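Heads up: the structure comes next, in C-alpha cells.
The values are calculated or read from the model by the stated rules, or taken from the named source; none is laboratory data. This structure is a prediction, so every number in the text was calculated from the model and none was measured. With ideal geometry, Cβ positions are generated from the backbone for all residues, glycine too; neighbour counts draw on all protein chains shown. Just the protein is used for accessible areas: all its heavy atoms, side chains included, with ligands, DNA and RNA removed. Shrake-Rupley method; radii C 1.70, N 1.55, O 1.52, S 1.80 Å.
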Amino acid sequence: MNVNMLNNIRKRACRVPTVLLLCLLVLTACKGGGDDVPVSDAGTIDHAASVKLDMNSETLKQEVTVKTFVDGDTTHFNVPESVMPGGVFKARYLAINTPESTGKIEEWGKKASSFTREKLSGASSIIIESDDDNWNADSTGGRFLVWVWYRNSDSEEYRNLNIEILQNGLAIASNSANNRYGTTAVAAIEAAKKGKLNIYSGEKDPDFFYGAAVELTLKELRTAVAEYKDMQVAFEGVVTKNYNNAVYVESYDEETDLYYGMMVYYGFNLSGEGLEILTVGNLVRIVGTVQYYEAGESYQVSGLTYRAMKPDDPGNIQKLGEGYSPSYKETSAQELVNGKVSIASGDNVMNWDYGYLALATTVEVKNLDVVGVYTTTNEESSSKGALTLSCRSEDGTEITVRTVVLHDQDGNVITADRYEGRNISVKGLVDLYDRNYQIKVLSAQDITIN
C-alpha cells in the first residue's frame, strides 16, 4: 500500500465521527433543543405539552366534567353552584375559533368538533382556567372564556386543549397573541400552516357534504334521519312555530295519516326576505344540513341560506304558498307516550314510537289534570319563570307539559298557581326531554283551563 492510499484511509476515518456529530446536532435541533421542549410523533414541537398548568398561579381554576359538547370551541361543563348558578359553566375556548358545526355548517367544523369530543371523552381529569383572576364573559355575555386542560391518567401531565386544536390546524386565530399563552398559541398556528394541516391543507374536507341537496319528504327524513346526518337535504312543509331562532316545519302524509316534522334552526344567518319566507303559516321549501343537536337530544336542520340576488338558486330556501295553519292533530296522552306505529318500507315493516314520529309536529291533548308544577328559578337563565306541568290523563297516563316563560294579556308573568290542580287542554309541539316525550307550549293562549 503506497503512502497516498494510507493517507486517504486515515482521512476517511477521521471524517466519520464528524459526520455523525453533525447528524446528531441536526436531530437535536429538530427536536427543539432537548428534553425541555416536548416532541410529537411527527418530530415537530408538541406545543400543547410545552405549556404547563401552574396550579399556584393567580388564575381561577376548576376541575369539571362535561355536560354537553356543543362544537369544537364551545363546551358546557358541570361545576359546583358556587362557581356558576345552576351548576353549568358554558365555556368558550380562548385563542381559537373553530369552523362552525352547529347552526351554520362549515368545512372542517365536524372534524374540529369530533376532535374536542374525543380528547375530553377519554380524559380522567379536566380543568378549566381563566386568563387572569376572573371568569371573563365573551361577547355574548352567556359564555366564559377559558383555557381547557385535560389528562388521560393521573400519571400524566395536563395538556392544553386550546393549543392542541391550533397545532392540529382545526382552528383559526382568535386574539391568539394577546393572552396568557399567546406566544405558544401563535407558534402552534404557524406550525399547522407549515405542516398544511386540515384547514391549512388546501384540500377538501372529507367530512363535509359538497354535493347537491338530497330531495326528500319529511316522512322520509324523519324515518331515516341518521342516514342523512351532516348531509344537505331539501324538503317542503308548513311553518307552524317560530321560537328561539328556529322554526318548526311539518307535512302531512296521506299513506300513514300522520304529520312529520323537523326543527329548522336559522340562527343569525338570515335577514329581510329570508326571514319573511319563514313566516308562520307559509308553505316553504327548506334547504339545509342535518345535524344532531345534543343539548336537545334530537336532530335538526340548519345552515339555511337565502341569496336575494338569485331567488331561484336551488340552494335557497323558498316560499311556496301562504295561509296555512298548524295541524294541532288531536292526540291522547296514552298515544303520545306509549303509542306504536308500524310503517311498511319496501318489503320490510318498521315499528316506531308514535311520539318519535310526531316530534316537532303540533298536537292537541285534552283533559289533563295538573298534579304538580315546577317553576324554573335560576336567576342566570332566560327560562326563569318557565313552568313544567306534571299532568295525568283520564286513563292515568302521565305526561309532562313544559312551557316557555308565559305572559298574560297585561304582560304579567303567569305563575304556577294559574294551573296547579286544574284540568287543562293544551296545544303544542311534540318534544323530547330526558328520553321522554312531552308537549312544549310556546304561548299562554295554547293552554285552556277547562
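Structure data summary
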item: Every residue from the stretch 165-186 that is open to solvent by 10 Å² or more (accessible area, probe 1.4 Å), within 21 Å of Ser113 (Cβ to Cβ) and not in a loop (DSSP other than H, G, I, E, B); result: Gln167, Ile172, Ala173, Ser174
item: So Arg435, is it modelled with pLDDT of 95 or more, within 23 Å of the chain's Cα centre (by Cα) and open to solvent by 40 Å² or more (accessible area, probe 1.4 Å); result: no
item: Which listed residue is of a type outside the set (Phe, Trp, Tyr), within 25 Å of Ala192 (Cβ to Cβ), at pLDDT 95 or above and out of contact with any strand residue (DSSP E or B) (no Cβ under 8 Å at 6 or more places or on another chain), from Glu58, Glu106, Glu129, Glu118; result: Glu118
item: Residue that is of a type in the set (A, V, I, L, M) and out of contact with any strand residue (DSSP E or B) (no Cβ under 6 Å at 6 or more places or on another chain), where the choices are Leu406, Leu442; result: Leu406
item: From Glu335, Glu294, residue being within 30 Å of Cys391 (Cα to Cα) and in contact (Cβ under 8 Å) with a residue 24 or more places away in the chain; result: Glu294
item: Test result for Tyr93, touching a helix residue (DSSP H, G or I) at 6+ places or on another chain (Cβ under 9 Å) and without any contact (Cβ under 8 Å) to a residue 40 or more places away in the chain; result: no
item: Residues (open to solvent by less than 30 Å² (accessible area, probe 1.4 Å), in a strand (DSSP E or B) and touching a helix residue (DSSP H, G or I) at 6+ places or on another chain (Cβ under 9 Å)) located in the stretch 387-398; result: Leu387, Leu389, Cys391
item: The stretch 319-333, subset farther than 13 Å from Ser425 by Cα and in a loop (DSSP other than H, G, I, E, B), residue most open to solvent (accessible area, probe 1.4 Å); result: Glu322
item: Residue within the stretch 203-214 that is open to solvent by less than 50 Å² (accessible area, probe 1.4 Å), under 20 Å from the mean Cα position of the chain (by Cα) and modelled with pLDDT of 95 or more present; result: no
item: Single unsatisfied condition, Cys391 versus (1) over 29 Å from Tyr260 (Cα atoms); (2) at pLDDT 95 or above; result: (1)
item: Strands (runs of 3 or more DSSP E) contained entirely in the stretch 399-450, each with at least 3 residues that are farther than 26 Å from Val239 by Cα and among the hydroxyl-bearing types (Ser, Thr, Tyr); result: none
item: One residue from Lys340, Lys366 being of a type in the set (Lys, Arg) and either closer than 24 Å to Thr240 by Cα or more than 31 Å from the chain's Cα centre (by Cα) (or both); result: Lys366
item: Qualifying residue in the stretch 75-89 (condition: open to solvent by 50 Å² or more (accessible area, probe 1.4 Å), in contact (Cβ under 8 Å) with a residue 24 or more places away in the chain, assigned to a strand (DSSP E or B) and not aliphatic (A, V, I, L, M)); result: no
item: For Glu297: the one exception among (1) open to solvent by less than 50 Å² (accessible area, probe 1.4 Å); (2) over 26 Å from Glu107 (Cβ atoms); (3) under 15 Å from the mean Cα position of the chain (by Cα); result: (1)
item: Within the stretch 115-143, tally of residues that are surrounded by fewer than 16 Cβ atoms within 10 Å (Cβ to Cβ) and either aromatic (Phe, Trp, Tyr) or in contact with an Asp or Glu (Cβ under 9 Å, 6 or more places away or on another chain) (or both); result: 5
item: Close pairs (6 angstrom Cβ cut-off, 6 or more residues apart or separate chains): in contact (Cβ under 8 Å) with a residue 24 or more places away in the chain in the stretch 423-450, open to solvent by 50 Å² or more (accessible area, probe 1.4 Å) and in a loop (DSSP other than H, G, I, E, B) anywhere; result: Asn423/Asn450; Leu432/Glu297; Ile449/Arg422
item: Residue in the stretch 217-238 that is among the polar types (S, T, N, Q), part of a strand (DSSP E or B) and at pLDDT 95 or above present; result: no
item: Within the stretch 224-242, tally of residues that are open to solvent by 40 Å² or more (accessible area, probe 1.4 Å) and either within 13 Å of Val264 (Cβ to Cβ) or of a type outside the set (Asp, Glu) (or both); result: 7
item: Subset of the stretch 155-164 (residues that are over 11 Å from Ile126 (Cα atoms) and open to solvent by 40 Å² or more (accessible area, probe 1.4 Å)); result: Ser155, Glu156, Glu157
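Conditions tested, residue by residue: (1) under 30 Å from Gly142 (Cα atoms); (2) loosely packed, with under 15 Cβ neighbours inside 10 Å; (3) among the hydrophobic types (A, V, I, L, M, F, W, C).
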{"residue": "Ala344", "(1), (2), (3)": "no, yes, yes"}
{"residue": "Val373", "(1), (2), (3)": "yes, no, yes"}
{"residue": "Thr377", "(1), (2), (3)": "yes, yes, no"}
{"residue": "Gly385", "(1), (2), (3)": "yes, no, no"}
{"residue": "Val401", "(1), (2), (3)": "yes, no, yes"}
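Results for (1) surrounded by fewer than 18 Cβ atoms within 10 Å (Cβ to Cβ); (2) modelled with pLDDT of 95 or more, shown as yes or no for each residue.
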site	(1), (2)
Met263	no, yes
Phe268	yes, no
Thr279	yes, yes
Thr289	no, no
Met309	yes, no
Asn316	no, no
